[in-house]
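Please treat every number below as a calculation from the coordinates, not as lab data. None of the values given here were measured: they were computed from a predicted structure. No Cβ is skipped: glycine too gets one built from the backbone with ideal geometry, and neighbour counts run over all protein chains shown.
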Amino acid sequence: MMRALLLVVCGSVAMAEDVPQAKLLDAAKRGLALLVETSPTFIKKGGCNSCHNQMLPAVAQSFARKHGVDAGPVLEMMPPETNEFTMERLLEYNSFGPNSLGYELFSYAGTGRPGDTRIHALMHVLKSSQQPAGHWVTPGNRPPLTVDDYSTTAFAIHALKIYAAEGKRADHDARIARARSWLLEAKPGTVQERAFQVLGLAWSKASAEAIAKAARGLQSMQAKDGGWSQLPAMPNDAYATGLALWALYEGGVSTRDAAYQSGLKWLLQKQAADGTWLVKTRALPVQPYFESGYPYGHDQWISAAGAAYATMAISAAIEPQRTARR
């Protein structure tokens, strides 16, 4: 019913000739291969679970597997209990930013980790940083992963939706409602902001009309060749295109829609022979550079994040497709 209503609100759905399923399966499998292969190297050299090489790829692998993709062995991640952010330190110092918390909780939810003591501690810290207006502020300045309040707010909504300790559901629902109100009034400008507005509205169960309006805003930024760019002055890339398509999917847009199929064709055309996509970095470095085994030198980390989103966008179009929006 929700998807039918959403299609009515959006208008008639323009269909395009679908990208063959075999091509999608192959592209998704190849997109994951190097992410999985290089994950142990990144942990060894980087000493952490990064958003770009562990958390987003882990979600992408789990998502792809649910859509029938041969996703390979489980992507390696460092057990979070081994890092310096113990539960006691989290609760005592409130020293972990909401953006990082959002990515970590998103990876747990995407890979099916059930709520436990650590997750409930993370949720406690996350809730403490919600702003009076309903959103969460991103303290980082490393675009595109840690720069805007839309992504942090949407990931917080997702965590609140998935993880509620006993007796906390009413509190979580109230916080989600406040965050939804902020997203409804917000004025996104970039593709990233528009994509996470769609995601946040979808995850917070906003009205079909509101989600469709946000989705139209995101679709309006698609280039004629089918891709999206992070900023108007930048070329289209797999990060922006993959994120935009996956957000549209989560927002209820059919993967058979002409705009979605055009985006898929762009991703498949730009995928390298080794299954990767090049995404140029625009963030200032904050840690020593090292080679993880993923290609593209100083652009490798954001390229890995782009591959994760691109793989999710491709996997979403693989049967069996979901018949109703979450």
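Some values worked out for this structure:
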| quantity | calculated |
| --- | --- |
| Set Lys45/Lys280; Lys29/Lys265; Lys127/Lys213; Lys44/Lys265; Lys224/Lys270; Lys66/Lys280 screened for pairs whose C-alpha atoms are more than 25 Å apart | Lys127/Lys213; Lys44/Lys265; Lys66/Lys280 |
| Among Ala133, Ala258, Ala316: highest mean-square fluctuation, GNM of the chain, C-alpha pairs under 10 Å | Ala133 |
| Vicinal HN-Hα couplings computed from phi for region 188-198 (Karplus, 6.51 cos²θ - 1.76 cosθ + 1.60; Hz; Gly/Pro x) | x, x, 8, 4, 4, 5, 5, 5, 6, 5, 4 |
| Least to most buried among Arg256, Arg175 (fewest other Cβ within 10 Å first) | Arg256, Arg175 |
| Surrounding net charge for Phe290, when Lys and Arg each add one and Asp and Glu each subtract one, Cβ distance under 11 Å | +1 |
| Least to most buried among Ser315, Ser303 (fewest other Cβ within 10 Å first) | Ser303, Ser315 |
| Label point at Gln131 placed 7 Å out along Cα→Cβ; residues across region 143-157 whose backbone nitrogen lies under 17 Å | 146-157 |
| Ranked Lys265, Lys224, criterion: other C-beta atoms within 10 Å, fewest first | Lys224, Lys265 |
| Karplus-derived HN-Hα couplings along region 248-265 (A = 6.51, B = -1.76, C = 1.60, θ = phi - 60°), whole Hz, x at Gly and Pro | 4, 4, 5, x, x, 6, 5, 6, 8, 4, 4, 5, 5, 5, 5, x, 4, 4 |
